1. Please specify each residue of segment 163-185 satisfying the condition of being modelled with pLDDT under 90 and part of a loop (DSSP other than H, G, I, E, B).
2. Of everything in segment 41-58, what is of a type in the set (A, V, I, L, M, F, W, C), without any contact (Cβ under 8 Å) to a residue 40 or more places away in the chain and open to solvent by less than 50 Å² (accessible area, probe 1.4 Å)? Give them in sequence order.
3. Counting only residues that are open to solvent by 40 Å² or more (accessible area, probe 1.4 Å) and among the charged types (D, E, K, R), which one in segment 110-128 is farthest from residue 183 (Cα to Cα)?
4. Just need a number here: residues in segment 27-40 that are open to solvent by less than 30 Å² (accessible area, probe 1.4 Å) and outside any loop (DSSP other than H, G, I, E, B).
5. If the Cβ limit is 8 Å and pairs must be 6+ apart or interchain, which residue in segment 63-74 that is more than 18 Å from residue 48 (Cβ to Cβ) and in contact (Cβ under 8 Å) with a residue 60 or more places away in the chain pairs with which residue that is open to solvent by less than 60 Å² (accessible area, probe 1.4 Å) and of a type in the set (A, V, I, L, M)?
6. Within segment 6-26, how many residues turn out to be free of Cβ contacts under 8 Å to residues at least 40 places away in the same chain, surrounded by 15 or more Cβ atoms within 10 Å (Cβ to Cβ) and either of a type in the set (D, E, K, R) or assigned to a loop (DSSP other than H, G, I, E, B) (or both)?
7. Which number in (1) open to solvent by less than 70 Å² (accessible area, probe 1.4 Å); (2) more than 22 Å from residue 11 (Cα to Cα); (3) out of contact with any Cys (no Cβ under 7 Å at 6 or more places or on another chain) marks the one condition that residue 131 misses?
8. If you scan segment 186-200, which residues turn out to be among the charged types (D, E, K, R) and in contact (Cβ under 8 Å) with a residue 40 or more places away in the chain?
Amino acid sequence: MLTDAGYEVSLASDGLEGLSFFQSQSFALILLDIMMPKIDGYAVCELMRKESDIPIIMLTAMDEEEAQIRAFELQVDDYITKPFSLKLVLMRIEAVLRRIKEKTGNQKILTSHGIELNVDSYEVCKNGIPVKLTQLEFELLLTFLKHKNQVLTRDNLISQVWGYDFAGDEKTVNIHIMNLRRKLDVDCIQTIRGVGYKFESEN
């Protein structure tokens, strides 16, 4: 259903596999069951929330009030109980994504590690001092700040910054990130060997 609606979907068969996907890929939203093998949905949600504010929808047979309260205490964005209408699930997903997009769209200034990025003016400052970035460097930094603590593959970065018509070498991404690191002069963009990059938020 989600694929037919135009979404790209990754399916995890248990909690551990889901966490592995979360650590190695970039997602717009997580659909999370509660009763899963190896690690249940509550534990998965708690671990994800320590690293990211990615939207999470619980999709579960557990309709008890206590189960829903516990999920919302773990900061899920929505809670859907079985049995459910597939059309309703799709509408709830779209509603959560729309809400997140509006919230992100209204966030004009992004900050971390003394870095301040102004979306409207295309200006970046580090500890109050202007930093001159190219447009691609600015877009890279903006993407990192919107996905703090998430591992972004080179393909993720290419699709979000350059677009799908990018015909260059992936090493181009490495060079732009190297220049961005040098200009920002702060150790926050980590290389995840064999996977990609991660912008680590402040503790």
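1. Residues satisfying the conditions are 163, 164, 165, 166, 167, 168, 169, 170.
2. Result: 43, 44, 45, 48, 56, 57, 58.
3. Per the criteria, the residue is 120.
4. Here the count works out to 2.
5. Within 8 Å, no pair qualifies.
6. Adding up the residues that qualify gives 3.
7. (3)
8. 198, 200
The values are calculated or read from the model by the stated rules, or taken from the named source; none is laboratory data. Please read these numbers as outputs of a predicted model, since none were measured by experiment. All Cβ positions, even for glycine, are placed from backbone atoms using ideal geometry, and neighbour counts span all protein chains on display. Heavy atoms of the whole protein, side chains included, go into the accessibility calculation; ligands, DNA and RNA do not. Shrake-Rupley method; radii C 1.70, N 1.55, O 1.52, S 1.80 Å.
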